[in-house]
1. Per Stokes-Einstein, at 20 °C and 1.002 mPa s, what whole-number D in µm² s⁻¹ belongs to the chain, with the Kirkwood radius over Cα pairs as the hydrodynamic radius?
2. Using DSSP to call loops (not H, G, I, E or B), can you name the trypsin sites (Lys or Arg not before Pro) in region 152-214 whose Cβ has at most 16 other Cβ atoms within 10 angstrom?
3. Starting from region 110-149, pick out the trypsin sites (Lys or Arg not before Pro) whose DSSP state is loop and whose Cβ has at most 10 other Cβ atoms within 10 Å.
4. About its Cα centre, what dipole magnitude does region 3-133 give when the only charges are +1 on Lys and Arg Cβ and -1 on Asp and Glu Cβ, stated in debye to the nearest 20?
5. Which one of Phe224, Gln239, Leu661 is farthest out on the positive end of the charge dipole of the chain, using unit charges on Cβ (Lys, Arg +1; Asp, Glu -1) and the Cα centre as origin?
6. Using the Cα gyration tensor of region 442-697, with a ≥ b ≥ c the square roots of its eigenvalues, what is the shape: rounded (a/c below 1.5), prolate (a/b larger than b/c) or oblate (neither)?
7. Run the quick spin-label model on Asp75 and Glu380: label points 7 Å from Cα toward the beta carbon, then report their separation in nm to one decimal.
8. Indicate the gyration tensor shape class of region 578-703 (rounded, prolate or oblate), computed on the Cα atoms with a ≥ b ≥ c the square roots of the eigenvalues: a/c under 1.5 is rounded; otherwise a/b larger than b/c is prolate and the rest oblate.
Amino acid sequence: MCAAEESAPPNIAGAPEHFRAIFESSDDAIVSKTLDGRITSWNAGATRMFGYSEQDMLHQPMLRLFPPERVAEEDFILDKIRHGEKVDHYETERLHRDGRRIHVSVSVSPVRDATGRIIGASKIARDITAQKDANARFRLTASVFSHTSEGIVIVDPHGRIVDVNEAFCRITGFERPQIIGRTPDMFASSRQGPAEFEIILNALAQTGHWQGEAWSRRQDGESFASLVKISAVRNEQGQTQNYVVLVSDVTPLRRQQETLEHLAHFDALTDLPNRLLLSDRLVQAINASRRSDDWVAVLYLDLDGFKAVNDRLGHDAGDELLVLLARRVSSQLRETDTLARMGGDEFVAVLVGLRNHNECVQLVDRVLRVCTEPFFVKGESVQVSASIGVALYPQDNVDAEQLIRHADRAMYEAKQAGKNRYHLFDPDLHERARSRSEQLEDIARGLRCGEFELFYQPKVNMRSGQVIGVEALIRWRHPQRGLLSPAAFLPQTEGHQLAAELDRWVLDQALNRMAVWRAQGLDALTVSVNLNGRNLQQRGFAEALAATLASHPDAPPERLELELLETSALDDINDVAVVMQDCHRLGVRFAVDDFGTGYSSLVYLKRLPAETIKIDCSFVRDMLADRDDRAIVQGIVGLAHAFGRELIAEGVETVAHGCALLAMGCEQGQGFGIARPMPAEDLAAWIAGWQPPTEWTAAPAAK
Ligand SMILES: Nc1nc2c(ncn2[C@@H]2O[C@H](COP(=O)(O)OP(=O)(O)OP(=O)(O)O)[C@@H](O)[C@H]2O)c(=O)[nH]1
């Protein structure tokens, strides 16, 4: 038996019962060992802690539990024990049976025999792994708390700040002691109203969280933008223990955003609202005006002679003038009005709350006046003026964009009228003009879509019954308005290029139709096409006609008659006569339409080489009842005979009209009494069935 065994500390088996009970039920590991480190007792706590049973460990060296790098600790401990010293709460690591490391706090005391001689050591080890982990987590949390760049504020359930981190102090500029114990409203900024605070508190009460942007105040009074996240920390019973507030300073980002927003809505040179913001303000002004009885005026202002300033003094001087002008005009407006720069030297003012026309005019006059006062730029006195277009809402009851456009148009009128003045947009006038342009657009569309067609009205020799020709009359089969006669759309084309386009279309169609009829054996028919006298005066008319005829080789030119309308509009009879002669050479004939209605009829009759005269239907229609008309018709018949022209009467509505005309010596007629205008396809059948009244065929020859 070795010396150590000889002097081994007593085993627990020999201890009194109650000591044994304490020994076995302890959570701590209670172990004793000899002075050479062999285990002499091992409690259940040690088994739980290290995973080895008492059997496993009795007489085994204690070193089995030591991690390799801690082996030296055993000598250190035993050395102390030999010298009668204790080791108290020594924190170290030991190995579990499964290889896991366990943090333990160890206290070791010498065990003496009855003589007081040290014979071994007893050791109590406590597992402090969980505590160690918790400490590590705490240290980590504390380090995050102190080192994060986000500000952290811990608030108690009563709203008192219990802790803040360094970052928060840095962000706010306050020292920690200045904050602790206070409430978060010490950071309230004027940019954040109490209503917003209320929203935050409600969200916290309901969900325990709030996240959003908030404006707060730093110690120096400056506002700062922060991204804030607030979470309620609740205990197991659901009661709020604390609020944790995370604060990131996003002021630079916010400022950059504000700058961008400013740039998007304001003009960089004058800092006035730009077009975008103006539209917004105008929409609001219109809405407000709808609710009240006030008017809104839109002033479109364009400087006169601004280019000259740029040219003479340079672009910078021009810029300076624009800035000064912006200030000057603004000073004439009220708080609630808006002045915007549209670009270049164009500005738009929206005036609101106007009660009458006078108020508006006075303001506009003032603006005009300040624009003409001299400006001092680059040491020089510069004078400009402005042209202003004004559109008034609700008189001009249109949307914001259109109101601006109308003001712009009125400004253009002001410029046209001589500048340095205003012009008020007239919605009625505009409506009339607009409806004409819309109609023209519709006609052009109709032409493109093939909605026009020609009807043909027969012309006959009333005495012989012979069908001598037809007059082509344009109709518009309008998709919405039905079949329209020329009076419903031709006047709108007056003076517009569409008039000539329609004439060309008519001529083309008529020539096509002539070719068809010719193929059907109806080649003796003359086809008359109406032609506005103005078109005849257009340069190159005869050449264009020649080209058209050439493109219709199956339509004989000598069967084409051009009926000249509006002869009173002919400027130069001699020129027109030359054109007519050119057309004659192509084989084409002419008739003077509506004869008798123009003042210069006689002169025309003498000078214009037209083969035929058409007596206007207005005289013919009434000649049976009106002696004057009858006399006129008689006179025209006489003139035609005297000048050797052919003659035809329009407006033959009854057999009696025909009889009267025949009696006067006019044998050819056209009118409802003979036939109404009809589609081209119906003509052949009509001709086949046409029988002149016997009153006509049997009528005695004129005297
Ligand atoms: N200095 C300066 N000039 C500008 C700016 N934007 C446009 N312009 C110039 O402003 C002038 C505007 O043209 P207009 O309105 O036709 O010039 P105007 O002489 O006032 O002509 P009227 O309006 O017919 O009287 C042009 O010469 C542009 O080059 C700017 O931001 N600064």
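The values are calculated or read from the model by the stated rules, or taken from the named source; none is laboratory data. Remember, it's a predicted structure, so these values are computed and weren't measured experimentally. Quick reminder, even Gly has a Cβ in these numbers, built from the backbone with ideal geometry, and neighbours come from all protein chains shown. The area values use the complete protein model at the heavy-atom level, side chains included, leaving out ligands, DNA and RNA. Shrake-Rupley method; radii C 1.70, N 1.55, O 1.52, S 1.80 Å.
1. Answer, rounded: 56 µm²/s.
2. Of the trypsin sites (Lys or Arg not before Pro), the ones in loops of region 152-214 whose Cβ has at most 16 other Cβ atoms within 10 Å are Arg160, Arg182, Arg191.
3. Arg117
4. 40 debye
5. Gln239
6. The shape class here is rounded.
7. Going by the 7 Å Cα→Cβ label model, 10.2 nm.
8. Working: a/c = 1.88, a/b = 1.19, b/c = 1.59.
Because a/c hits 1.5 or more and a/b fails to exceed b/c, region 578-703 counts as oblate.
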